[in-house]
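*Asks:* Here it is: the structure, laid out below.
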Amino acid sequence: MIKIMFVCYGNICRSPMAEFIMKDLIKKRGLLNKFIIESRSTSTEEIGNDMYYLAKEKLKEKNISFNKRKAKQLTKNDYNNFDYIIGMEDFNVRSIKKIVMDDRKVYKLLDFTDNSKDIDDPWYTRDFETTFKEIYTGCSALLDFILKNDFIV
């Protein structure tokens, strides 16, 4: 079982989009029973809030299913329970490392692609299309990486 935690600042836009995009990708490959996928925030600002409505609209537009959820903050204990902890930008990665106090499982999503850059926060940019495309590209590359490098029975 491979366990992936996606992390962004508030856990209402990028990280839940990544959670549901990855779930969709693994479902299409018939691997749902081989993965646990969740998402968290580095901040406490949105704790308890559902995914932002524009993120939901983008997922609906792309035919990616999702469910009602509540934003949660990453904890040090999450580090012990997940194989990959994936931030959306350098700031997230630094914040993750401060919370978990280790970096062996911490990555930036687009580091798995040929274009290692930050995924901008669509809360500020309002560009949910670019965010979706970048997250989809990153999740696809991450899944390919895992399938090549981890033993999945």
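Values in this text are rule-based calculations from the coordinates and carry no lab data. Remember, it's a predicted structure, so these values are computed and weren't measured experimentally. As a convention, Cβ positions derive from the backbone with ideal geometry for all residues, glycine included, and neighbour counts pool all protein chains shown.
*Asks:* Lys3's amide H: which non-local residues (gap 5+, or another chain) put their own amide H closer than 5 Å, with H modeled 1.01 Å from N in plane and none for Pro or chain starts?
*Replies:* Placed amide hydrogens put Ile36, Asp83, Tyr84 under 5 Å from Lys3.
*Asks:* Amide H of Met51: which non-local residues (sequence gap of 5 or more, or other chain) have their own amide H closer than 5 Å, using H built in the peptide plane?
*Replies:* So Met51 has HN proximity to Arg69.
*Asks:* I've got another one for you. Given a Förster distance of 30 angstrom, what is the FRET efficiency for Lys3 paired with Arg126, based on the Cβ-Cβ distance and rounded to 0.05?
*Replies:* 0.40
*Asks:* Sticking with this structure for a sec: Got a sec? How would Lys58, Lys3, Lys28 order by Cβ neighbour count within 10 Å, fewest to most?
*Replies:* Lys28, Lys3, Lys58
*Asks:* Something else now. Could you list Asp24, Asp150, Asp50 in order of exposure, starting from the residue whose Cβ has the fewest other Cβ atoms within 10 Å?
*Replies:* Asp150, Asp50, Asp24
*Asks:* How far apart, in nanometres, would the label points at Asp150 and Asn81 be if each is projected 7 angstrom from Cα along the Cα-to-Cβ direction?
*Replies:* Reported label-point gap for Asp150 and Asn81 is 1.6 nm.
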